[in-house]
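For reference, the structure discussed in these notes is given below.
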Amino acid sequence: MSGEGKLGERIRTYRERLGMTADVLEQQSGVDKGVIAAIESGDVYPVLGVMLKLSRALGQRLGTFMDDQYRPDPIITRADERASDRISHRAGGVGGFEYFPLSSGKTDRHMEPFYIEIAGNANPQISTHEGEELIIVITGEVELTHGGERHLLKAGDSAHYNSVVPHVVKSVGGSSASIYGVVFTPF
């Protein structure tokens with residue numbers, strides 16, 4: 001089963017264990033129940049902001065839905081092995097973002113680190129969620145819109161910001177980019 005299907009199946013399992021309907025999850029998370037149904041069926045992999053809203057509404061940390069099994073510290077993710085954990089973002093049928101979790105199996109973590117590939121034709125969506133994010137550009141150029149301000153980031157540049165403020169990260173000029181992204185959400 002792909003990472004996309006596993007995540008949706010886990011969300012549905014936790015929702016059902018709580019005796020929660022999709023309507024109740026929609027009310028508690030602010031995520032449309034049609035989107036919830038598409039996530040649970042594996043048709044859509046949500047952006048991080050949506051995943052965070054769902055995990056908080058279900059009383060779980062984000063990693064609960066992404067981890068297959070416990071691994072002891074330190075968690076080492078080799079660059080040539082991370083492709084096996086690839087998760088594509090297809091919200092609303094729009095692609096262009098591939099997330100590679102970097103801490104799968106660390107059950108006591110408080111942050112979610114990812115290696116993220118952004119296609120040149122990606123169509124990013126505005127995100128907002130409690131916590132903070134740190135992004136570091138590895139290749140290409142990235143535009144971060146945070147609130148009403150736009151910032152151009154090149155390879156080696158980083159940005160650390162409050163993720164409650166609406167934000168968008170996208171590649172620039174139709175070229176692909178890659179970044180490391182770390183999301184912290186207080187629980």
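Take Lys33 and tell me if it is of a type in the set (Lys, Arg) and within 22 Å of Pro101 (Cα to Cα). Answer is no for this residue. Can you tell me which residues in the stretch 154-185 are among the polar types (S, T, N, Q) and under 24 Å from Gln60 (Cβ atoms)? The answer is Asn162, Ser163, Thr185. For the stretch 38-49, a tally of residues being assigned to a helix (DSSP H, G or I) and without any contact (Cβ under 8 Å) to a residue 60 or more places away in the chain returns 3.
May I ask you to list the residues in the stretch 1-34 that are β-branched (Val, Ile, Thr) and either at pLDDT 90 or above or within 25 Å of Tyr161 (Cβ to Cβ) (or both)?
Initially, the stretch 1-34 is screened for residues β-branched (Val, Ile, Thr), giving 11, 13, 21, 24, 31.
If the condition is that a residue be β-branched (Val, Ile, Thr) and either at pLDDT 90 or above or within 25 Å of Tyr161 (Cβ to Cβ) (or both), then Thr21, Val24, Val31 are the ones that fit.
Would you please name the residue that is farthest from Ser163 (Cα to Cα), looking only at residues in the stretch 35-51 that are at pLDDT below 90 and surrounded by fewer than 17 Cβ atoms within 10 Å (Cβ to Cβ)? Of everything passing the filter in the stretch 35-51, Ser41 is farthest from Ser163 (Cα to Cα).
Condition check ((1) aromatic (Phe, Trp, Tyr); (2) outside the structural domain of Phe97 (by TED's automatic domain parsing); (3) surrounded by fewer than 17 Cβ atoms within 10 Å (Cβ to Cβ); (4) within 25 Å of Thr64 (Cα to Cα)) across all residues:
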position	(1), (2), (3), (4)
Tyr115	yes, no, no, yes
Asn123	no, no, yes, no
Tyr161	yes, no, yes, yes
Lys170	no, no, no, no
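The residues listed here are Val165, Val137; of these, the one that is assigned to a strand (DSSP E or B) and not small (Gly, Ala, Ser) is Val137.
Out of all the residues in the stretch 55-96, which are among the hydroxyl-bearing types (Ser, Thr, Tyr), within 30 Å of Asp23 (Cβ to Cβ) and modelled with pLDDT of 65 or more? Explain how you work it out, then say what you get.
Looking only at the stretch 55-96, we keep the residues that are among the hydroxyl-bearing types (Ser, Thr, Tyr), and these are 55, 64, 70, 77, 84, 88.
Next, only the ones that are within 30 Å of Asp23 (Cβ to Cβ) stay: 55, 64, 88.
Ser55, Thr64 - these are the residues of the stretch 55-96 that are among the hydroxyl-bearing types (Ser, Thr, Tyr), within 30 Å of Asp23 (Cβ to Cβ) and modelled with pLDDT of 65 or more.
The number of residues in the stretch 14-26 being loosely packed, with under 13 Cβ neighbours inside 10 Å and part of a helix (DSSP H, G or I) comes to 3.
The values are calculated or read from the model by the stated rules, or taken from the named source; none is laboratory data. Source: prediction; values computed, not measured. Positions of Cβ are generated from backbone atoms using ideal geometry, with glycine treated the same way; all protein chains shown enter the neighbour counts.
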